[in-house]
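The values are calculated or read from the model by the stated rules, or taken from the named source; none is laboratory data. Remember, it's a predicted structure, so these values are computed and weren't measured experimentally. Every residue, glycine among them, receives a Cβ derived from its backbone with ideal geometry; neighbour counts consider all protein chains shown.
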Amino acid sequence: MFTRRHVVAAAMGIAAAAALPGAANAQSYPDKPITVVVPFSAGGATDSIARMVTGKVSEQTGATFVIDNRPGMGGSVGAQTVAGANADGYTILTATPGVQILNPYLYKSLPYDAEADFQPIVDIGLVPNVLVVHPDIPANTVPELVDYLKEHPDEVSFSSSGVGSSSHLAGEAFKSLADVDIQHVPYQGTGAAIVDLVAGRVQMAIDSYSAMMPLVEDGSMKLIAVGTPERIDAQPDLPTIGETLPGFAASGMVYVIGPDGMPDEAVAWLNGAINDALADPAIKDKLTSMSVIAQGGSPEDLQETVSDARALWSKVIDEAGISIQ
């Protein structure tokens, strides 16, 4: 749900690492398997992305990766594992927004410091959310929808996949920026929400592109806008919500971090190798098929993305009074 950064060209990958001080030492990394902690169960989207990308890095470099699934507490269990790991570059985390951006404000306490305990490595991909409304809502654009909501306060509800989920927070951000009164209806997952969306018991949602597009294609919902900062290649004529509500940017992301204190050589090698993997056309196509927009970039790009997102979502969570016990 966050700012998209430029993709670093593949040629800047390992070549950039080699140009850094200490490059001679960097050539010995990695000399043993790298554990990739995934803070969700095997078979899910984040797990699939981690396996796909590390598989390509292994193919391109010969490095060995071991996936370690540690689900729980919205990603915080896996994050705690990595935060407390040896910072030698051989334990990293495939993260989603909960780890550093949302959970620090949703939970009263976390078993790690979301800012101080991690080293940014690279952004993998942006996962677009789209705004959809039921066909009974007489609006086809964001301005028309905002006008309708202002004329019908508290009469329209939006669904989410649960309290504190990206779809919940996206709805709250829309509510705040548009200055409208809409009601939140949480469900146990997007699948459950879809049933009531189609039936019209809830009338709008800002949820994942992959989950919402089948409803649009069969006429069950109307596609209004996309939540990314920029228009997406898959729907180039679809406006962003931010074109009407400046500052709105609500989409998921998948990225890689490690424990604070990692050797510079390990960070540079991982960043370069993953950027090279993301530049591969086959990987880009596979990510696109999962409605993920490949990103890449430097550790500094990732740090800026996370910092910007924390500033945005901490305010949304505070204003909406959202918490998870």
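Please indicate, with yes or no, whether at least one residue in region 281-297 is assigned by TED's automatic domain parsing to the domain that holds residue 58, modelled with pLDDT of 95 or more and hydroxyl-bearing (Ser, Thr, Tyr). No, region 281-297 has no match at all.
Return a yes/no flag: does region 161-182 have any residue that is under 26 Å from residue 290 (Cα atoms), surrounded by fewer than 20 Cβ atoms within 10 Å (Cβ to Cβ), more than 21 Å from the chain's Cα centre (by Cα) and not basic (Lys, Arg). Scanning region 161-182 turns up no residue that is under 26 Å from residue 290 (Cα atoms), surrounded by fewer than 20 Cβ atoms within 10 Å (Cβ to Cβ), more than 21 Å from the chain's Cα centre (by Cα) and not basic (Lys, Arg).
Are there helices (runs of 4 or more DSSP H) fully within region 253-325 with at least 1 residues that are among the aromatic types (Phe, Trp, Tyr) and touching a Leu at 6+ places or on another chain (Cβ under 8 Å)? List them. Don't jump to the end; show me each part of the working.
Numbers: elements: 264-278, 281-289, 299-320.
The qualifying helices (runs of 4 or more DSSP H) are 299-320.
Of the residues making up region 200-220, those that are assigned to a loop (DSSP other than H, G, I, E, B) and polar (S, T, N, Q) are 203, 220. Counting the residues of region 234-251 that are in contact with a strand residue (DSSP E or B) (Cβ under 9 Å, 6 or more places away or on another chain) and either modelled with pLDDT of 95 or more or part of a helix (DSSP H, G or I) (or both) gives 7.
Flag: residue 231 matches the condition of being basic (Lys, Arg), over 24 Å from residue 53 (Cα atoms) and outside any helix (DSSP H, G or I).
Please tell me if residue 299 is touching a residue at least 40 places away in the same chain (Cβ under 8 Å) and touching a Pro at 6+ places or on another chain (Cβ under 7 Å).
On the way: touching a residue at least 40 places away in the same chain (Cβ under 8 Å): yes; touching a Pro at 6+ places or on another chain (Cβ under 7 Å): yes.
Answer is yes for this residue.
Quick test for you: out of 188, 235, pick the one residue that is within 20 Å of the chain's Cα centre (by Cα) and surrounded by fewer than 14 Cβ atoms within 10 Å (Cβ to Cβ). Can you show your working first?
Working: 235 fails: surrounded by fewer than 14 Cβ atoms within 10 Å (Cβ to Cβ).
From the options 188, 235, the qualifying one is 188.
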